[in-house]
Ligand code: FEO
């Protein structure tokens, strides 16, 4: 199967974006772990793993269609953060960047009549809806529950309850 060089570059760039997202979430998990946010740490370790699975989906897709994946280097993520709320805000912003990149690829696939890549990307379009909703809902908790120590402890518990990895074979991994 043949995809355009432009599409190949976009898919490889996305591999790098997912790797960076994984590393960023790992840094957040580590910060949470050392700051006493046990639930948030568990949540972000899972998020890091999820992003790694996203990265792998792109690598496998590129290799499956004979385009050959480029394994990306990753940027050093920030290691110090202001607060749990700021981490969740940064996460939402990062997810919005990812959504935009996925949508650009979908548009490119449409333009190039690249049906295989279009079908492959569908899972990510849906996933991004879920990812953005997840962080938006978590951020609303600060308005609903509060920002004092007890409220943050409550939010940490909510995050702990969300720290489960979806099955590895979900979607088109
Ligand atoms: Fe792989 Fe959360 O975007």
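Computed from the coordinates by the stated procedures, all read-outs in this text should not be read as laboratory data. These numbers were taken from a predicted model, which means no experiment stands behind them. Neighbour counts run over all protein chains shown; Cβ positions are idealised from the backbone, glycine included.
So how do 89-95, 77-83 stack up, highest first, on mean other-Cβ count within 10 Å?
89-95, 77-83
If packing is taken as the average number of other Cβ atoms within 10 Å across a peptide's residues, how do 65-75, 8-18 rank, most packed first?
8-18, 65-75
Among 144-153, 100-109, how do they line up from the highest to the lowest mean number of other beta-carbon atoms within 10 Å?
100-109, 144-153
Kindly identify segment 125-165 as rounded, prolate or oblate by the Cα gyration tensor criterion: order the square roots of the eigenvalues as a ≥ b ≥ c, call it rounded if a/c is under 1.5, otherwise compare a/b with b/c, prolate if a/b is larger, else oblate.
Because a/c hits 1.5 or more and a/b fails to exceed b/c, segment 125-165 counts as oblate.
Which percent of the Cα-Cα distances in segment 37-124 go past 23 Å?
36 percent
Calculated from DSSP H runs of 4 or more alone, at -39500 (n - 2.57) each and per residue, what is the 222 nm mean residue ellipticity of the chain, nearest 500?
For the chain, the value works out to -26500 deg cm²/dmol.
Can you work out the FRET efficiency for the pair residue 76 and residue 35, with r the C-beta to C-beta distance and R0 = 30 Å, to the nearest 0.05?
It comes to 0.95.
Can you sort 31, 123 from fewest to most other Cβ atoms within 10 Å of each residue's own Cβ?
Starting with the residue having the fewest Cβ neighbours, the order is 123, 31.
Cα gyration tensor of the chain, axes a ≥ b ≥ c as square roots of the eigenvalues: rounded (a/c below 1.5), prolate (a/b > b/c) or oblate?
Prolate.
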